[in-house]
Amino acid sequence: MSAHPQQRPTLYEQLAALPPGLTGEILDGQLHTQPRPTGPHVFTASELGYELIGPFERGRGGPGGWWIIDEPELHFICNAEVDVPDLAGWRRARMPTLPEGHRFTVVPDWVCEVLSPATESKDRDIKMPIYARFGVAWAWLIDPGKHTLEAYALKDGTWREIGRFAGAARVSVPPFAAAEIALDDLWAPT
């Protein structure tokens, strides 16, 4: 009798088995891992979430009608195309309730990636095309080191830049143009 060859874990099983302190994604059939983000990165993502949740999720000073979620596990293809943006947003009309588990299978309306030297090329060159391919309507790239926000809208399957903002500007940016964000609030104090 011949022994059964040992089966190699699937990419999703490898992703699920990552040790604490590493995050992972399956992008275009490849497992990508990176350490947890730095303080300035987390600060920027947290502050942006704070700025958006009041007016857009809770309707305080804004229209409401959104879910704004930190680091959701997006399953564009269940267990095969698994992206984890820093923030994502869904109009409640499209996703009336949150999923019971950790897999988000409804394509978000908006994603935000907070750039770092270690992730910028992956965010721009790998993840942005994936977001376009699956029909995410808006994407923001925020660089806490350079103090910039780039905003994009998807048109005919291609990203079109709709704004580039820097420093301490006060901005109203789609899809969240109903409220103003002071960019200076997003940058970690030095």
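The values are calculated or read from the model by the stated rules, or taken from the named source; none is laboratory data. Source: prediction; values computed, not measured. All Cβ positions, even for glycine, are placed from backbone atoms using ideal geometry, and neighbour counts span all protein chains on display.
Exactly one residue out of PHE56, PHE43 is buried (at least 18 other Cβ atoms within 10 Å of the Cβ), under 23 Å from SER172 (Cα atoms) and either of a type outside the set (Val, Ile, Thr) or modelled with pLDDT of 95 or more (or both), and it is PHE56. Give segment 152-190 a look and list any residue that's basic (Lys, Arg) and either within 21 Å of ARG94 (Cα to Cα) or in a loop (DSSP other than H, G, I, E, B) (or both), or say none. Hit for segment 152-190 is LYS155, nothing else.
Scanning segment 1-23 for residues that are part of a strand (DSSP E or B) and either β-branched (Val, Ile, Thr) or modelled with pLDDT of 95 or more (or both) turns up just one, THR23. Against the list (1) at pLDDT 95 or above; (2) over 25 Å from PRO189 (Cβ atoms); (3) surrounded by 15 or more Cβ atoms within 10 Å (Cβ to Cβ), the condition ALA151 fails is (2).
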